[in-house]
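The numbers here are math on the coordinates, done by the rules we state, and not lab data. All values reported here derive from a predicted model rather than from experimental measurement. Don't worry about glycine lacking a Cβ; one is built from the backbone with ideal geometry, like all the others, and counts go over all protein chains shown.
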C-alpha cells in the first residue's frame, strides 16, 4: 500500500491550484474539465483539491478550515523559509507567524491559504 494523495475541499479548484503554483511553485498536474477536481505535482504524494459543491452532491458536508483551531497542517520544506514566506504572502497567503528559529534546529513560519488551510513553511530539521 502507498499513500497516494490528500484531497482538500475548496470552493474554487482552479483558483486554488493557481494560488499554490504562484505562492509555492508547485506545478499543476491535472485539472478535470469540470473544474471540480485538480492535483498539484508535489512528489510521490499528490496534493489534490475537490470542489465543495461536488462533495455536497456526493452526500458529504465539508467543514470550514480554521487557522485558530486546525485539525491538520500542510508542511512545505525549503532552504529559504524567509524568502518563501514572503513569496507566499505576496501571492495572497495570510501570515500567521513570521519565520523563527526553533530549539530543535528548525526555522518555521505559518501562513493560511485563501481557503483558510494552515501551512507551515519550514527548513529541514538540523542534525
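Structure summary
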quantity	calculated
Alpha carbon centroid spacing (whole Å) that separates region 76-127 from region 15-43	20
Highest-fluctuation residue, 74, 40, 58 considered, GNM on the chain with Cα pairs under 10 Å	58
At q = 0.14, 0.20 Å⁻¹, base-10 log of I(q)/I(0) for the chain (Debye sum, equal scatterers on each alpha carbon)	-0.63, -1.20
Angle in degrees between helix 81-90 and the longest Cα principal axis of the chain, rounded to the nearest 10	40
Cα-based shape type of region 8-60, given that a ≥ b ≥ c are square roots of the gyration tensor eigenvalues and the cut on a/c is 1.5	prolate
Helical mean residue ellipticity (222 nm; -39500 (n - 2.57) per DSSP H run of 4+; nearest 500) of the chain	-6500 deg cm²/dmol
Using alpha-carbon coordinates, inclination of helix 13-24 to the longest axis of the chain, degrees	20
Full-extension gain in nm, residue 90 to residue 30, via 0.36 nm per residue minus C-alpha separation	19.1 nm
Residues 13, 89, 41, sorted so that the one with the fewest Cβ neighbours within 10 Å comes first	41, 89, 13
Gain in span if fully extended, residue 69 to residue 126, counting 0.36 nm per residue against the direct Cα distance	17.7 nm
Cβ-derived FRET efficiency at R0 30 Å, residue 21 paired with residue 100, nearest 0.05	0.65
